[in-house]
Amino acid sequence: MAVIDTNGNCTDKLDVLRSKGVTAVGRYYRVVHPEWRVTKIEAQKLSTAGIKLFTVYEDTGHGLSLTAAQGKSDGQNALGQATEVGQPTGTPIYFALEGLPNGYVESDLPAIRKYFNGVQQALGSKYEIGVYSNGIVCESLLDEGICGYTWLSASKAFAGTRDFYRSRRWNVAQMTPLDQNWSGLSVDVNEVNADFGAFSITGAPAVSAAMDRAAVAGNFYTDVIMTDPRFNSTKRIADPELLEPTTKDLVQAIIADAAANGLKLMIFETYRSQARQLALFNQGATKLKQVGVHHFGLACDIVKDINGQPSWKGDFSMLGALAKHHKLIWGGDWGTPGSVHTFVDTDHVQRVTIGRQASLFGGDWYPDTNYDPYADLK
């Protein structure tokens, strides 16, 4: 898999991109140098060729006015161009803040916040907001919930970039050397660590690059979940049929064993869409803006059944013991009870280790019937 960005039109470079194994291309929205801007025809041809896009707005790498007015103007320009291209709503637009020649530092953050306040005013809820910048900017905007997507620039000497790269919290990280010549196309190569908002505009339902890569092999997620009419539902779904079959069988075995031991349990949530995750985030019900293992049919929330009503009261250690017995990872210790965990989720079970999640989210891996997460931990 190769993910690149370029300021060149890719329409006549599709064979080059295919030969290099490119799965997604980052392209520009901009007013200055409009010849660098992605066009609808280009986006359609890339999508038809099975290559996804992700987009960034940038007019200048230095001297950008960090004001709410400038952010609103840039946001409006990006909104208009995204609409023209046909970028699916709900996907991110990255906004580039390079701060050349030395990058941004902590004292720039108040002005950067004002800039993104203007961007938010322009985009509203139509598109997610991402940032392309050095480490201190990416980390701060991510921590503060201003941006849900981060694209780390290749300038390792800039403030915070090395530390943020090591944190693995970025969605995209630009690598050196820059400006590689691929048959006349100037290309930067990127590393991806999670869903980074790539999209298609072929007219089919918009899916991320992760979804598209998974579809090549075919699995329960691509064959069942993605085709289910509830795929984009904002409602809570407790249907066990949206659990991957092995996961479903193990969840049902846990509930049966608990009942045999006098504890009545019930399924509270199985599949969760990105739309629901975002709604929960906006309500303050979760700190996570991007959906996790639930989205892939590999996680289930199991709660106590008190007269037919869900209950989270009391101890859930029996769920942990039953989960381990049936080879599911329990959110109370994430399969490693001897470790210190900053986040626990005692009603949650999943058939994937924490260490495998990045590959799952990236579309590079999906468990087969014989997969054992505890063997994977060893």
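The values are calculated or read from the model by the stated rules, or taken from the named source; none is laboratory data. Just so it is clear, the model here is predicted, and its values are computed rather than measured. Backbone-built Cβ (ideal geometry, glycine too); neighbour counts: all protein chains shown. We work out accessible area using only protein heavy atoms, side chains counted, and drop any ligands, DNA or RNA first. Shrake-Rupley method; radii C 1.70, N 1.55, O 1.52, S 1.80 Å.
The GluC sites (Glu not before Pro) of the range 107-195 meeting both criteria, a DSSP state outside H, G, I, E and B (loop) and at most 11 other C-beta atoms within 10 angstrom of the site's C-beta, are E144. Accessible area of F220 (1.4 Å probe, protein heavy atoms only, ligands and nucleic acids ignored): about 30 Å².
Between S65, S19, S311, the Gaussian network model of the chain with springs among Cα atoms under 10 angstrom shows the greatest mean-square fluctuation at S19. Each Cα pair under 8 Å and six or more residues apart adds its separation to the average, and for the range 90-153 the resulting relative contact order is 43 percent.
The relative contact order of the chain comes to 12 percent, based on Cα pairs under 8 Å that sit 6 or more residues apart.
If the cut-off is 23 Å between C-alpha atoms, which lysines fall inside it for K13, apart from same-chain ones fewer than 8 positions away? List returned: K40, K45, K52.
Here the extension length gained between V344 and A111 equals 80.3 nm, from 0.36 nm per residue of separation less the Cα-Cα distance.
Between D315, D143, D12, where does the largest GNM mean-square fluctuation fall for the chain, given springs only between Cα atoms within less than 10 Å? Comparing D315, D143, D12 in a Gaussian network model of the chain, the most mobile one is D315. Using a probe of 1.4 Å, the accessible surface attributed to R236 totals some 110 Å² when neighbouring protein chains are kept in position. Each peptide among 164-177, 317-330 gets the average number of other Cβ atoms lying within 10 Å of its residues, and from highest to lowest they stand as 317-330, 164-177.
Of all DSSP bridge pairs formed entirely within the chain, close to 50 percent run antiparallel.
Work out how much length V31 to S311 would gain on full extension: take 0.36 nm times their residue separation and subtract the Cα-Cα distance, in nm to one decimal.
95.4 nm
For the pair A375 and T60 in one chain, pulling the backbone fully straight at 0.36 nm per residue adds 108.4 nm over the alpha carbon distance. For the chain, a crude dipole built from +1 on the beta carbon of Lys and Arg and -1 on the beta carbon of Asp and Glu, taken about the Cα centre, is about 280 debye to the nearest 20.
In terms of accessible area, using a 1.4 Å probe and ignoring ligands and nucleic acids, L46, L100 rank largest first as L100, L46.
T270 exposes around 0 Å² of accessible area when a 1.4 Å probe is run over every protein chain in place.
Which net charge results for the neighbourhood of V189, defined as the other residues with beta-carbon distances under 11 angstrom from its beta-carbon, given Lys and Arg at +1 and Asp and Glu at -1?
Numbers: positive: K20; negative: D5, D179, D188, E191.
Surrounding charge for V189 is -3.
The residues of the chain have, on average, 45 Å² of accessible surface per residue, using a 1.4 Å probe with all protein chains present.
Summary value for the range 46-111: 50 percent relative contact order, contacts being C-alpha pairs under 8 angstrom separated by 6+ residues.
Tell me, what % of the accessible area of the chain is carbon and sulfur with a 1.4 angstrom probe?
Carbon and sulfur together cover 52 percent of it.
Taking label points 7 Å from Cα along the Cα-to-Cβ direction, K20 and S183 give a separation of 1.0 nm.
In sequence order, the range 242-251 has phi-based couplings of 9, 9, 3, x, 5, 4, 4, 4, 5, 4 Hz under the Karplus curve 6.51 cos²θ - 1.76 cosθ + 1.60, θ = phi - 60°, and Gly or Pro positions carry x.
Working note: Karplus 6.51/-1.76/1.60 with θ = phi - 60° gives the range 67-75 the couplings 10, 4, 5, 5, x, 5, 5, 5, x Hz, where Gly and Pro are set to x.
Compare E241, E98 by solvent-accessible area with a 1.4 Å probe and give them largest first, with all protein chains kept in place. Walk me through the numbers on the way to the answer.
Working: E241 105, E98 45 Å².
Final ranking, largest accessible area leading: E241, E98.
In this label model, D143 and R169 are separated by 0.6 nm, measuring between points 7 Å along each Cα→Cβ vector.
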